[in-house]
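Enquirer: Take a look at the following structure, please.
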Amino acid sequence: MKIIGPIQYIEAIADGSGIRELAGLRARYGDGNWKKKKGIAVIGLSDGRQALARMTA
């Protein structure tokens with residue numbers, strides 16, 4: 001699976017202490033203004049087809 005093109009309709013769904021993985025993010029990448037976001041992107045499937053996918057990052 002591969003993202004093809006930009007992620008669109010991005011919105012924040014959690015920030016700061018509302019992120020469950022915050023301690024791990026800080027330990028691995030340092031302090032920052034961390035936000036959990038979601039969006040929609042076109043992905044390429046292994047059989048060559050394309051599909052829309054909801055993504056969380």
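Enquirer: Based solely on its DSSP helices, what 222 nm [θ] is calculated for the chain when runs of n ≥ 4 H residues each add -39,500 (n - 2.57) and the sum is averaged over all residues, nearest 500 deg cm²/dmol?
Expert: Value at 222 nm, helices only, nearest 500: -4000 deg cm²/dmol.
Enquirer: Which aspartates and glutamates, if any, have their Cα less than 17 Å from the Cα of residue 37, not counting same-chain residues under 8 positions apart?
Expert: 11, 15, 21
Enquirer: A further question follows. Return 15, 31 ranked ascending by Cβ neighbour count within 10 Å, so the fewest neighbours appear first.
Expert: 31, 15
Enquirer: If you filter the stretch 1-43 for trypsin sites (Lys or Arg not before Pro), then keep DSSP loop positions with at most 13 other Cβ within 10 Å, what is left?
Expert: Taking the stretch 1-43 and a limit of 13 other Cβ atoms within 10 Å, the loop trypsin sites (Lys or Arg not before Pro) found are 20.
A short reminder: the numbers here are calculations on the coordinates, not readings from a lab. Not measured: the values here are computed from a predicted model. As a convention, Cβ positions derive from the backbone with ideal geometry for all residues, glycine included, and neighbour counts pool all protein chains shown.
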